[in-house]
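What follows is one structure encoded as structure tokens, with my remarks underneath.
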Amino acid sequence: MRRMISLAVATATVTFGASSAAPATMSTRATAGVDAAPVAAWSTEARRAIVPAGPGGIFGPENYGNKFPGEAAVYMGIVHAAIYDAAVAIEGGYKPYAIKLKAPPETSPAAAIATAAHDTLVGLQPQLGLTPAQQAILDGDYAVYLGDVHDGEAKANGIRVGQKVAAAVLALRINDGRERNPTLADLNPPAAEPGVWDPGSAPALGLRLPGMRPVALKSPSQLRPDGPYSLTSHAYAQDFAQVKELGRLDSATRTADETTEARFWTDHDLRQWNDGMLRLAAARGLDLVQTARMLAMAHVAGGDAMIACFDAKYHYWFWRPDQAIPRADTDGNPNTEADPTWKPLGATPNFPEYPSAHACHSGAVTSALRAFFGTDKVHFSLDSRITGTTREYARLSEVVEDVNRARVLVGFHFFSSDQAGAILGRNVAKYDLKHAFRR
């Protein structure tokens with residue numbers, strides 16, 4: 001039975017008891033500039049307004065949003081593009097995303113960043129999906145935050161800068177596809193046959209994403225991958241055997257550490273990534289515009305990667321292991337054997353399998369961070385509220401390897417789909433960062 005060699009030894013160091021502390025071994029601190037606190041505060045507020053609390057508050061009781069990871073990544077990208085433009089208006093040094101502004105010398109960064117983020121979030125309604133009570137939380141947090149900013153010319157200038165930035169970013173999102181509510185039938189599903197994903201009776205997720213305008217990419221299908229292995233191929237049979245053994249609920253070969261690794265990545269990964277990047281920015285001593293730029297690069301690439309990923313998912317409509325394994329007697333491959341009792345370790349998300357969305361997003365975010373720091377050797381930590389553990393990585397590429405393994409171990413994906421997703425994410429980031437957030 002084939003096991004991935006990389007599955008045998010995990011690259012991440014795991015500690016129990018998720019921590020928000022920055023890694024102590026960080027070095028190469030940035031030159032001091034304008035304090036990054038407003039960016040960190042409003043990046044967190046954006047995350048709270050976009051990411052749901054989850055069942056029983058499992059993703060974070062502080063969250064009050066509604067978006068599953070696919071759409072959440074896009075909304076985080078849009079808001080962080082606005083935060084970036086407000087920071088560039090104050091500090092300069094980089095090309096803006098939506099509008100070129102030069103803030104007056106007396107401008108409050110706190111007022112500018114808060115207003116840019118708040119007004120962008122409000123302007124993304126009603127598609128953002130906040131209820132009146134949830135928007136009241138956002139508006140209340142904004143009022144309290146501005147109340148702590150000293151009244152005067154600097155505050156007024158900051159508010160004006162933030163308002164102009166938000167208006168420019170929102171102008172780019174008019175009729176961007178977020179307003180549509182397509183059905184499965186609108187996405188031209190293929191006829192039911194072996195290899196085709198069956199949505200069943202539960203609501204399918206991500207139906208808007210293939211028709212959504214990217215944040216920096218030209219089109220959702222621009223970098224579409226080649227597609228999954230043929231059902232009758234030897235490569236498919238290898239992928240099949242691997243997830244069948246390691247991803248099943250009652251696997252006899254998956255270790256306890258691998259089970260923790262699998263479940264680690266069932267948290268809402270936008271919360272995981274945003275918290276991890278804010279820890280990284282603080283540990284590196286990044287200033288206002290540097291922090292805003294790092295976050296914008298990562299979140300815009302991540303959002304565009306999700307759009308490209310779901311374009312591919314609803315183009316290929318490939319079945320998940322939880323359908324492929326019980327129905328293997330229909331796939332025409334003599335090297336696969338059906339197991340009608342097979343169940344995955346986790347609850348499979350209800351959208352097609354290829355390519356892996358977690359891998360698409362992680363590939364894009366790590367590529368953006370690699371471009372920002374100029375090296376793969378970045379000490380980075382991520383925590384999971386599902387497992388109560390923190391994973392420490394010596395290199396950004398180790399995160400992608402971790403995700404690719406985890407999605408097999410949890411029973412959601414074939415390994416080749418993880419690899420294809422990571423490559424797609426990397427290609428999206430490469431394109432986006434050639435066209436945005438440059439010096």
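Taken together, the values in this text are just the output of simple stated rules run on the coordinates, not laboratory data. Only a predicted model underlies this, so the values are computations on that prediction, with no experimental measurement involved. Here the Cβ is made from the backbone with ideal geometry for all residues, glycine too, and neighbour counts use every protein chain on show.
Structure summary
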| read-out | value |
| --- | --- |
| Cα gyration tensor of the range 237-283 - equivalent ellipsoid semi-axes, whole Å, descending | 31, 12, 9 |
| Diffusion coefficient, µm² s⁻¹, Stokes-Einstein with Kirkwood Rh over alpha-carbon pairs of the chain at 37 °C and 0.692 mPa s | 149 µm²/s |
| Rule-of-thumb Rg ratio for the range 237-380 [Cα; 2.2 N^0.38 Å; N residues] | 1.28 |
| Fully extended contour minus Cα-Cα distance, from THR375 to ARG224, at 0.36 nm per residue | 51.7 nm |
| Shape category assigned to the range 307-346 from the gyration tensor of Cα positions, a/c cut at 1.5 | oblate |
| Relative contact order of the chain, defined on C-alpha pairs under 8 angstrom at six or more residues apart (%) | 26 percent |
| Set LYS218/LYS313; LYS67/LYS95; LYS377/LYS434; LYS67/LYS244 screened for pairs whose C-alpha atoms are more than 26 Å apart | LYS67/LYS95; LYS67/LYS244 |
| Distance in nm between pseudo-label sites at ALA133 and GLN238 (7 Å out along the Cβ direction from Cα) | 5.3 nm |
| ALA37 versus THR255: modelled label distance in nm, points set 7 Å from Cα along the beta carbon direction | 4.5 nm |
| Value of [θ]222 nm, deg cm²/dmol, for the chain, DSSP H segments ≥ 4, -39500 (n - 2.57) each, nearest 500 | -16000 deg cm²/dmol |
| Helix 288-316 axis, angle to the chain major axis (alpha carbon atoms, nearest 10°) | 30 degrees |
| Computed E for ILE58/GLN163 - FRET, C-beta separation, R0 51 angstrom, nearest 0.05 | 0.90 |
| Sparsely packed trypsin sites (Lys or Arg not before Pro) within the range 199-271, loop by DSSP, other Cβ within 10 Å at most 13 | LYS218 |
